[in-house]
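Report on one structure; see the data block that follows.
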Amino acid sequence: DITVPPAPAGMVFIPSAGKTFTMGGPYIPAPHKVTFTKSFFMDTHEVTRAKYKALMGADLPATFTGATLPAQNVTWYMALRYCNARSKAEGLQNVYSWTSEKALSWGYYTMDGVKTDFTKNGYRLPTEAEWEFAYRAGTTTLYYWGDTSNDAYLWHTSNSGSKPQVPGLKKPNAFGLYDMAGNMWEWVNDYNGPAITVAQTDPTGPATQGTSGCVMRGGAWYAFSSHAKAAYRKGDQPG
């Protein structure tokens, strides 16, 4: 038994400390064991446009407007800045730092020298392993509800009406997390790299970014339902 600490508002406790689970598979990446030494908290819902604007002081470029819709067109770099801003607002330590940044068009930017300090107590993106552990919530099936697609749990290209949906309308997983499958692709902390095939403890992904960007998980409103499987992963450029 463990003593569960009180969760911050809008978050739930993910009891991963001392747990080992099988990450990946049965296709790619290859199944392998992952063990955690720490637990963590995770937001129950995807960040909305209103919450992003309230914290960052600026709206996001969006094809679909509406304050209650999930934040759209958020780059990996923007997600890191959001995490730091949330930490600062709550008197916590910044997890992320970077040496410089370069402005792009339409308010976007890239960052150089990004570092993640896992010893800090502020907000950050989950590692890819943490994300999959949280998604599975103790299950071993292709999805967190079973082995076949189920519209009761996810938004995908065939049921979304060709647009993102308000977070929390579908059924949650056993941890109380909504939209881990479908609706919006979700950035994780890891740089993208070759699939891991060996057992690991507290993995954090490749040490450097390389050419394949960062990892996204969970599928999206415009993606096939198969993209929302527990082990499905894809990479995209962080900027």
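Observations, loosely collected:
- Take the Cβ atoms of Ser226 and Ala103, set R0 to 41 Å, and the FRET efficiency comes out at 0.65.
- Over the chain, relative contact order from alpha-carbon pairs under 8 Å, at least 6 apart, %: 21
- Gain in span if fully extended, Thr204 to Lys234, counting 0.36 nm per residue against the direct Cα distance: 9.2 nm
- Taking label points 7 Å from Cα along the Cα-to-Cβ direction, Thr63 and Ser162 give a separation of 1.0 nm.
- The phi torsions of the stretch 97-102, fed into the Karplus equation with coefficients 6.51, -1.76 and 1.60 and a -60° offset, translate into couplings of 9, 8, 8, 6, 9, 10 Hz, rounded to whole numbers, with Gly and Pro shown as x.
- Projected label distance in nm at Ser212 and Thr139, using a 7 Å step from Cα toward the beta-carbon: 2.7
- Residue list for the stretch 129-166, given a label point 7 angstrom along the Cα-to-Cβ vector of Lys53 and an amide N cut-off under 18 Å: 164-166
- Taking amide H positions as modeled 1.01 Å from N, with prolines and chain starts lacking one, the residues under 5 Å from Lys19 and 5 or more places away or on another chain are Phe36.
- Computed label-point distance, nm, for sites Lys19 and Ala174 using a 7 Å Cα→Cβ extension: 0.9
- Trp221 long-range amide H proximity, modeled H, under 5 Å: Asn183, Met184, Trp185
- For the stretch 65-73, Karplus couplings with θ = phi - 60° (6.51, -1.76, 1.60), whole Hz, Gly/Pro x: 8, x, 4, 8, 6, x, 4, 10, 6
- Coupling constants for the stretch 157-170 follow from the phi torsions by the Karplus curve (6.51 cos²θ - 1.76 cosθ + 1.60, θ = phi - 60°), and in residue order they are 4, 8, 9, 8, x, 6, 7, x, 10, 4, x, x, 7, 9 Hz; glycine and proline get x.
- Candidate values (1) 27.7, 111; (2) 17.1, 51; (3) 18.8, 63 were compared with Rg and Dmax of the Cα atoms in Å computed on the shown model; the agreeing label is (2).
- Accessible area of Tyr222 in the full protein assembly, 1.4 Å probe (Å², nearest 10): 120
- When the Cα convex hull of the stretch 154-239 is projected onto planes of every orientation, the mean area is 6.8 nm².
The values are calculated or read from the model by the stated rules, or taken from the named source; none is laboratory data. Every value quoted in this text rests on a predicted model; they were computed, and no experiment measured them. Cβ atoms come from the backbone with ideal geometry, glycine included; neighbour counts cover every protein chain shown. Remember, those area values only see protein heavy atoms, side chains included, never the ligands or the DNA or RNA. Shrake-Rupley method; radii C 1.70, N 1.55, O 1.52, S 1.80 Å.
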